[in-house]
Structures are given as structure tokens and as C-alpha cells.
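A short worksheet on the structure shown next.
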Amino acid sequence: MDLYIMYKGLFWLADSDILITYKILCDTEGIPKAQDLPYNSRRGDSFTHKATWEEASYNQPREIRSKTWNHFPRGRVEIRMSVATVYHNPALSSPQFEQRIMEEFELTDAALAVRFIPDHSKHYRIGGAS
């Protein structure tokens, strides 16, 4: 039985300070605790920023939620084999940002290794492709 609580999912950093997240409770292998999740990726096994933005930003002020899914710097937390990997727009690289993500996704347990990877691909660029 896995006693650790952690999340995987998507995030955006709006207006330099508002962290918008779409999180899924999972175990240290990345297996979701909930059944029948509404995955929206092509393979049907994860969530995409584009298809998730409307739901993730729903409670945000209009000036934020009216922006496109790729307007703000964004990233993803993946968990596999007791390792959390955080892919993100390189502009987000800072110790303060990393700490904020670790706390928000509850990645602070000693049983979990965490690595941050600034992703220079087109997908994570502001205004980049899906």
C-alpha cells in the first residue's frame, strides 16, 4: 500500500505569479488513484495543455481564462518508478519556481526523486505548437 500523496499533471504560470494547475492524485509509480479519468491525449493515456486549458483556467479572472492555452509559460509533472520529472518552459527555471512546483504537486516526500528539465522544444515555447 502506497502511503505517499503526490500529484502529476499540467501547469501554467500566468502573469508571473498565478500558478494554474490540473492535477491527478497518483502513487510513486504515477498510477492514478481515480479510475476512468477523462484523458484527452491522442493515445488516451494523459492530458494535453490545449485540451485541458479551458477546464484548468475556469476559475481564473476573465483576462486570464480568455487567453489561449499556449499564451503562458507551461509545463508538466510526470511520475514513474519513484521519480518525478518536471518538464517546463526554460523561462520558469529558478529555485523559487522549483520549490513552488514541489509544494503544489506534493513532491517533497523523501521516497521520491525530483528532476526539473527545461524543455526547449517548440511545444513549451509561449505561443508554441501543441
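The values are calculated or read from the model by the stated rules, or taken from the named source; none is laboratory data. Computed from a predicted model, the values in this text were never measured in an experiment. Here the Cβ positions follow ideal geometry from the backbone for every residue, glycine too, while neighbour counts run over all protein chains shown.
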Selection status of Y22, part of a strand (DSSP E or B), among the aromatic types (F, W, Y) and in contact with a Gly (Cβ under 6 Å, 6 or more places away or on another chain): yes
Top-ranked residue of the range 43-65 - restricted to ones that are at pLDDT below 90 and of a type in the set (V, I, T), ranked as surrounded by the fewest Cβ atoms within 10 Å (Cβ to Cβ): T48
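Right, H88: surrounded by 12 or more Cβ atoms within 10 Å (Cβ to Cβ), within 10 Å of the chain's Cα centre (by Cα), closer than 16 Å to D119 by Cβ and at pLDDT below 90 or not?
No, not satisfied.
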Top-ranked residue in the range 66-85 [being within 22 Å of Y7 (Cα to Cα) and among the small types (G, A, S); ranked as surrounded by the fewest Cβ atoms within 10 Å (Cβ to Cβ)]: S82
